[in-house]
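Here the structure comes first, spelled out in structure tokens, and everything after it is commentary.
Quick note: the coordinates plus some simple rules give every number you see, no bench work behind them. Note that the structure is a prediction, hence the values are computed from the model and not measured. Cβ: placed from backbone, ideal geometry, glycine included. Neighbour counts: every protein chain shown.
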Amino acid sequence: MQFTLFEAVIWSLVIVLAIIIVILIFYLKILRRNIRVKEKNNIKYREKIEKLLIEYIYAEEEGELLSKKQKAIIKQFKKGLVSKRKRIIITETFLQLDQQVAGHMIEQMNSLYKKIGLLNYAIKKLRSKQWHIVAIGIKDLRHFKVKRVRSSISKLINHHREEVRREAHLYFIELFGFEGLNFLDNLKVPLSEWDQILLLGEVENFEYDETLDLKKWLESNNDYVVLFVLNIVKLFNRLETKDTLIDLLQHKNAEIRIKTIDIITHFEILEAKEFIIQRFSEISDKEKVAFFKYLEKVAEIEDAMFLIEHVNNNNFEIKHRALKILKRVDVNLYNKLEKNSEDAEYNRIIDYLDVSYGV
Amino acid sequence: MEYDYIIRNIVLVFHYFFLVFTVLIVGSYVILAVFSSRETIEYLKKNSFVNYKDLLTSDVAPSISIIAPAYNESLNIVENVRSLLSTHYVNYDVIIVNDGSKDDSLEKLIKAYDLERIEYLINQRVPTKPLRAGVFKSKNPAFEKLIVVDKENGGKADALNCGINISESRYLACIDVDCLLLEDSLQRMVKPFLEYTDRKVIASGGVIRIANSCKIEDGKLLEVNYPDKWLERCQILEYLRSFLLGRMAWARLNGLLVISGAFGLFDREIAIKVGGYDTKTVGEDMEIIVRMRRYMEEEKLPYKVAYIPDPLCWTEAPDNRKIFISQRNRWTRGTIEVLKIHKKIRWNPNYGVLGMLSYPYWMIFERYAPIVEVLGMIYFIFLIIYQPLSWSFILGLFLLVYLFSLLFSFVAIFTEEFTYHQYKRKGIGFKLILTVFLEPFILHPLVLYAAMRGNYDYYFNKKKKWGVMVRKGLSKS
């Protein structure tokens, strides 16, 4: 067998790989050193920016629009903006400090943000072709409460990247409060649970606007809007939506029906009981479990016969809750129940309830 | 003459077999490296402006149960539980399953956390060994998130199943009790479950990092150090390659077959639907993922197994050869068992990526690779003896294989440097380079030996189960 051709190929590859590896070794050494140096420089520059920002905020002189010191600081900031690395640090420091100051100082920082030109950079980011730059741009504008880009950002609420539209939704709520929720009217894309958590985190910061019409969103064609608004209903205890909630118990989306039962449980709406009992055989196991959680709060002695029907349910959780509620609403009937069944699960639940736990 | 002709043809068959295998394995590594770099860039972009603080106070944050099985962990159990209780998340509990420990683990926990036995109604959705001393909760409200279950010994999978039965949360974080979780690990791990609307995320796995020699105090990682022992150093490099390159790429392809048993987050509903962990295999961490994926494929439900490259979980790696070999032996047997249990998936187009890509890859390049490697060595020796081989060819081939392995390790190191840069201290760079050069001689022969022993034990020593993992404890590092 001849290996001469193989040999030539192999040794060529060996040489190429050896050269690559030697280059990589040197590059690794340089890279690690650069990372260390960059980290040190970044820390140093961040400290400098923090100091300048604080100096700027406290350097205001009465009667003057801008003190000499402030003008000098603006000049230094502008000089730094040329470098991308420094611009990122300046923005980050602004954002960080913005969350630590209050009142007049926030206004001053926001005005400085505009004066040094960072605002223009943020607006420019909205036109980027890279989605993450757009998202960062919206985030910056949101933090610095820049309302005048509202129309540009409204075009992004249905962006194909969830990160971009998430930032756009947050922008509307953070800057315009409940009025900002109007973006839900035009929402055609999903709102993930993650989105909802972030949006609710912002919504929580506002006093509820009594003029708000939650009903239209509870009837939205976008199921995600319905789910999100159900969370708002619960968060702000909007009991006036009761009738719409009962209608939602028949919604085609099971997730919405389950969430609705959860809210009905929260409000302890009695009218829902008969309605669900009537269609109990048609609903899913998850809805049944949610309904029994509701019954734990609202069941009365009249419900004993319904509960009896379910003490031998195949679902452990339903069986447990049925027995537990029965013990609470009609202990005599509960005591008449057979204590030893062929169903081991049933016996375990009875044993557990009889040592008076679970009530 | 005819005999010579037959031998020559047999040699030629072997020759092309090894050539094709080598080209495929090298090609797959290159493709995986490309996919992993894409996925890493995408992940970093996605998470460069994420704020997790809203999750910490949200009323709608999903519930998570951390389930940690413990067997004879008396040495560090109190500190380890304290570390788990200091996790930053709003809606979670910690379930410690004392799996029939013979030491004083339970007594120590009772004393340290002021535990009392409570009546607890367990929904036995997954069969497990019975309880021993029962279920305990703390009298101290500061530890209200803690539940300790004492049960008869049934192995890690059985203990995890017991935790699954106890849990009432939406997600299960199954971890090794001696692992150190970073404070924000649950927030990061749960994010993919909440993000997707077009498919269900059934599990997410995280990177496991080696904590040997790291400075740890009160369950917190204070300083990342590079160990002195070569075995530990080599494992660090191996983990970087495996977690930052291999698994990241498979996550991109939605083809992940394994989530490390040390730390993984699961959708409880699906985990229960598939029957929990399999107690009959030593590869239970891989098996449950394959089974969950198989279930979703069979039900035709869109799904994803997510992967988080952030360094969230730090664990102690074996620091001596005997324990290392025992661990890898078990991993090999686990792989063989899982592939055998789910052989229906193999080359089955009904299972999509799982059947046509993940399973075959795992079978060829994980299951059979050590065997092919040993056969290759035997073949090479045969050639040296019976064929007039050129020594320049042998040396060239050896160098080519060696240099390629170095190149792949360098790619892993560069990925680490460009992303997380955990080994910051000056001087570690040189040690990393040295490890890259020595690892093929120090670690690889042990891995190969352990894999072959695993094969042997699987077929000829059926009684062999977990083996012993002696731990020093992270707080002592």
### Query
What distance in nm separates the simple spin-label points at B:MET377 and B:VAL11, each placed 7 Å from Cα in the Cβ direction?
2.2
### Karplus-derived HN-Hα couplings along region B:400-410 (A = 6.51, B = -1.76, C = 1.60, θ = phi - 60°), whole Hz, x at Gly and Pro
4, 4, 4, 5, 5, 5, 5, 4, 5, 5, 5
### Message
Please report the spacing between the Cα centers of region B:421-437 and region A:87-101 in Å, no decimals.
### Response
33
### Message
Suppose each label sits 7 Å from its Cα in the direction of the beta carbon; what would the A:GLN96-A:ALA8 distance come out to in nanometres?
### Response
6.0
### Task
Please check which bits of region B:299-314 a label hung off B:VAL50 would reach, taking the label as a point 7 Å along Cα-to-C-beta and the cut-off as backbone N under 11 Å.
B:307-310
### Task
Indicate the gyration tensor shape class of region A:76-189 (rounded, prolate or oblate), computed on the Cα atoms with a ≥ b ≥ c the square roots of the eigenvalues: a/c under 1.5 is rounded; otherwise a/b larger than b/c is prolate and the rest oblate.
oblate
## Note on the structure
In this structure, among B:LYS229/B:LYS322; A:LYS145/B:LYS53; A:LYS125/B:LYS53; A:LYS259/A:LYS319; B:LYS111/B:LYS145, pairs with alpha-carbon gaps over 23 Å are A:LYS125/B:LYS53
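In the structure displayed, which of B:LYS304/B:LYS463; A:LYS51/A:LYS71; A:LYS286/A:LYS324 lie more than 25 Å apart, Cα to Cα?
Listed pairs above 25 Å: B:LYS304/B:LYS463.
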### Message
How are the alpha carbon pair distances in region A:300-359 distributed across 10 Å bins from zero to the largest one, expressed in percent?
### Response
25, 63, 12
### Message
Taking θ = phi - 60°, what integer Hz values does the Karplus form 6.51 cos²θ - 1.76 cosθ + 1.60 yield along region B:12-17, in sequence order, with x for Gly and Pro?
### Response
5, 4, 4, 3, 6, 4
### Task
Provide the FRET efficiency to the nearest 0.05 for the A:LEU235-B:ASN153 pair, computing r from the beta carbons and using R0 = 56 Å.
0.75
### Message
Placing unit charges on C-beta atoms (Lys and Arg positive, Asp and Glu negative, everything else neutral), compute the dipole magnitude of region B:88-156 about its Cα centre in debye, rounded to 20.
### Response
160
### Query
Let a ≥ b ≥ c be the square roots of the eigenvalues of the Cα gyration tensor of chain B; is it rounded (a/c under 1.5), or, if not, prolate (a/b larger than b/c) or oblate?
prolate
### Query
In which sequence would A:ILE49, A:ILE43 go, from the one with the fewest C-beta neighbours within 10 Å to the one with the most?
A:ILE43, A:ILE49
### Task
Mind listing the long-range amide H neighbours of B:ILE210? Cut-off is under 5 Å, sequence gap 5 or more, other chains count too, H placed in the peptide plane at 1.01 Å from N.
B:THR315
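Could you work out, residue by residue across B:192-203, how many beta carbons of other chains sit within 10 Å of that residue's beta carbon, and then give the average as an integer?
So the per-residue partner count for this stretch is 3.
Relative to the Cα centre, what is the charge dipole magnitude of chain A, using +1 at the beta carbon of each Lys and Arg, -1 at the beta carbon of each Asp and Glu, and rounding to the nearest 20 debye?
Values: 59 positive and 53 negative charges, 754 e Å.
About 3620 debye.
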### Query
Counting only residues 5 or more places away or on other chains, whose amide H sits under 5 Å from the amide H of B:VAL97 once H atoms are built in the peptide plane?
B:ALA68, B:ALA70, B:VAL149
### Query
Roughly how many debye, to the nearest 20, is the charge dipole of region B:101-194 about its Cα centre, given +1 on each Lys and Arg Cβ, -1 on each Asp and Glu Cβ, and no other charges?
260
### Message
Which of the three applies to the protein assembly as shown, rounded, prolate or oblate, going by the alpha-carbon gyration tensor with a ≥ b ≥ c and a/c under 1.5 meaning rounded?
### Response
oblate
### Query
Put a dot 7 Å past each Cα toward the Cβ at B:MET452 and B:ASP198; how far apart are the dots in nm?
4.8
## Note on the structure
Reduced to Cα centres, the span from region B:250-317 to region A:241-283 in Å works out to 35
### Query
When the Karplus curve 6.51 cos²θ - 1.76 cosθ + 1.60 is applied with θ = phi - 60°, which whole-Hz ³J(HN,Hα) does each residue of region A:99-108 get, with x for Gly and Pro?
7, 9, 9, 9, x, 4, 5, 4, 4, 4
### Query
Tell me, how many Å apart are the Cα centres for region A:294-359 and for region B:158-220?
35
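Please work out the FRET efficiency for the pair B:ASP103 and B:GLU217, using the Cβ-Cβ distance as r and a Förster radius of 35 Å; give the result to the nearest 0.05.
0.90
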### Message
For a quick check, take a GNM of chain A with Cα springs below 10 Å and name the residue from A:LEU307, A:LEU333, A:LEU187 with the largest mean-square fluctuation.
### Response
A:LEU333
### FRET efficiency, B:PHE430 to A:ASN42 (Cβ-Cβ, R0 25 Å, nearest 0.05)
0.55
### Query
Sorted by packing (mean other beta-carbon atoms within 10 Å per residue), highest first, where do B:54-67, A:211-224 land?
B:54-67, A:211-224
### Query
Which residues does a label at A:ILE35 reach in region B:180-218, if reach means a backbone N under 16 Å from a point 7 Å past the Cα toward the Cβ?
B:209-210
#### Entry: Ranked packing of B:173-184, A:115-126, A:280-291, most packed first, by mean Cβ within 10 Å
B:173-184, A:115-126, A:280-291
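Can you sort B:CYS234, B:CYS162 from fewest to most other Cβ atoms within 10 Å of each residue's own Cβ? Kindly include the intermediate steps, with their values, before the conclusion.
On the way: B:CYS234 24, B:CYS162 32.
Least crowded to most crowded, the residues run B:CYS234, B:CYS162.
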